[in-house]
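Visitor: Just dropping this structure here.
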Amino acid sequence: MMNGRRGHVMKKARFHVDSRLPTLLSQEYSSTERAIKELVDNAWDADAVTVRIDLPKPMTTESIVVSDDGTGMTEVELRRHYLSIATDRRTRRGDLTAVKKRKVKGRKGIGKFAGLMAAAEMYVKSSARGKCCSFTLNLEDLSAVDDIEKLDLSLQVDDCAPQVQGTVVALNRLHQGLSFPHPDKLRQILLEDYGREEGFVIYVDGKELGVDDVRGTFNEIKEDVGGVGQVALKFAISNQKKALRAPGIAVRVEGKVVGKPSFFGLDKSDDFPPKLLKKLFGEVEADGLFPHVTAGWDSLVENSELMLELEKYVQPILRKAFKKQYGREVQLAHARLQKKIQDRLASLPEYKRAYADRAIRRILDRYYDEPESKVEPLVFVLMEALERSDYRTLLEHIADSPRRDIASLVDSLSDFSLADMAFLGEQARARVSFLDYLERLCRDDDTLEVAVHKSIEKALWLFGPEYSLFSSNETLKRQTEEYLGKKFSGDRASNRPDLLLNEDLNSRLLLIEFKRPNHSLTLYDYQQATTYRHDFSRYTDQEIQVLLLGGKFGADLPKPHLREPHVRIMLFPQVISSARKQLDWLIKQLGWNQSNTGEMI
Ligand SMILES: Nc1ncnc2c1ncn2[C@@H]1O[C@H](COP(=O)(O)OP(=O)(O)OP(=O)(O)O)[C@@H](O)[C@H]1O
Ligand SMILES: [Mg+2]
């Protein structure tokens, strides 16, 4: 079909169908943003230098437009490559692009349709070698034919200036039910694949994709660094759980990136959690490094003192930024926890200590961004497991493996880890059942202090990991008995309180007074408990903590700031629910880890 104007031609085109089509089209793209990325991938494969993506403003009926300055397609190419579905491009045209020798992304020959998941109509215009071809494809027409092969498309061919080159895809009539394409989300997705590409610039709504698009905090500093000269550093620290694809700081000299992204020594320091490295994304321009760039631009000369200078400048900046963002968890919390761990490790026999230390380090490392309250139970339960020597066989097995036989040593270690995990899981689940039982007991109005005392006395983990370090011994029991016997004899015997005296590794004492689970705590209870402490303190110089347990807070209990030091008042329901939360978390973590045991511990 031709119309009268010169150089303006309308023709019919058909999709050529490959037999793999049915399986391929059934595949879906998970979001509009992912679908847009397919179009960017196509621009990449077409050796484009610039891609512009314009998203509709919210609440409008505007289109999504993706335009590139790639090779474009002539009519023949359009028919042969675009309008044929489901043929593997690489078997036809190789793994690398023609001009820029990029690694080709396309494989299935269906990516161009991705946009149709979000739009009812797709308009394509491609220009190459003085011709410009365009057509519109819409969902209604597609669904009207039973075989996509039968679809007639009107292809419009116009003349254009020979230097005009590239492809524009517009997705019109977006499905209203779908969530609007989100520029930030799109940027994240594009960043993963294209954040580090040279000579490929993507604009989303007019703004160039860059370091500052990493979700998290962004920093930019320009300074004169002795020896190196002008340095422009920009980096972002991601606040997302997911690790970045190509983390680190790219070093750019005279506009070109040299070698792989660097961590400026952070990757080699013991006191920096390796996991955090995966959150760093940035770029530093330092033309002064030029004399130390190797001929192939693939690295800097070894031990370059200019690079060392730069490292001296950059590393503290990075540390500071990380500390600001993750510091509370990384440094403070874990330092305090480490201290507790050290104390406890010291009491383990030597042969266990090494393994405990290693296992704990891995946990700390893995959960660096979790608050201490979550990491602590995990670590302490592990400690407990180690202290109980359930691992003897395994440890002996490890000790037996021939020194040089690394492979078998590795196997033993991984056996050990599995046993560890299994044991942790078992223990956590058992503790949950224990909580169920205790909860029932506490709900019963007839439950007396002596019953809760008996149930809890060997389960102090209930009050939090720090309490699981306390345990009773014969001397302490006798002392308590003697004291109570003396003080509550004769007709006072019926007032005899239920006390438990425990001691921890640091010789601190813990005095627990149990009240009935339905008892509302009063000022009098508080005074009694502190009096008992006072009385006990006559026998010892050790610090004594007081824990008063009951069912409810009475109105006249002194406010926290009016209490004596080291007195805690806790309620059964609270204690149970917070213990349950910690266990649930632990079980969830372990469950998740079961499929990843290779990585764990
Ligand atoms: N923007 C573009 N510029 C130039 N040619 C393009 C463009 N988009 C698509 N093409 C051509 O159309 C072909 C089909 O694209 P399509 O995205 O459907 O498949 P693909 O990229 O080969 O594989 P995949 O389905 O994995 O994306 C491409 O191989 C390419 O030759
Ligand atoms: Mg493609």
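Visitor: Kirkwood Rh over Cα pairs of the stretch 161-273 into Stokes-Einstein at 4 °C, 1.567 mPa s: D in µm²/s? Working shown, then result.
Guide: Numbers: Rh = 17.3 Å.
Rounded, D is 75 µm²/s.
Visitor: Let me ask you something else. Pick out, in residue order, every one of the trypsin sites (Lys or Arg not before Pro) in the stretch 230-333 that is DSSP loop and has at most 13 other C-beta atoms within 10 Å; say none if there are none.
Guide: Working: sites: 234, 241, 242, 245, 252, 256, 268, 275, 278, 279, 312, 319, 320, 323, 324, 328; in loops: 241, 242, 245, 278, 279.
Hits after loop and neighbour filter: 241, 242, 245.
Visitor: Too long at a 21 Å Cα-Cα cut-off: which of 234/312; 241/275; 323/581; 241/339? Could the numbers behind the result be given before it?
Guide: Values: 234/312 16 Å; 241/275 11 Å; 323/581 28 Å; 241/339 27 Å.
From the list (234/312; 241/275; 323/581; 241/339), the Cα-Cα distance tops 21 Å for 323/581; 241/339.
Visitor: Kirkwood Rh over Cα pairs of the stretch 483-566 into Stokes-Einstein at 20 °C, 1.002 mPa s: D in µm²/s?
Guide: 156 µm²/s
Visitor: Based on C-alpha coordinates, I'd like the Rg and Dmax of the stretch 457-601, in Å.
Guide: Just the Cα atoms of the stretch 457-601 yield Rg and Dmax of 18.1, 64 Å.
Visitor: Continuing with this model, one more query. On a 28 Å Cα-Cα criterion, which of the cross-link pairs 105/131; 458/552; 100/260; 100/242 come out too long? Mind dumping the intermediate values first?
Guide: Values: 105/131 26 Å; 458/552 23 Å; 100/260 20 Å; 100/242 31 Å.
Violating the 28 Å limit, Cα to Cα: 100/242.
Only the coordinates and a few stated rules stand behind these numbers; no lab work does. Note that the structure is a prediction, hence the values are computed from the model and not measured. Here Cβ is always computed from backbone atoms with ideal geometry, including for glycine, and neighbour counts include all displayed protein chains.
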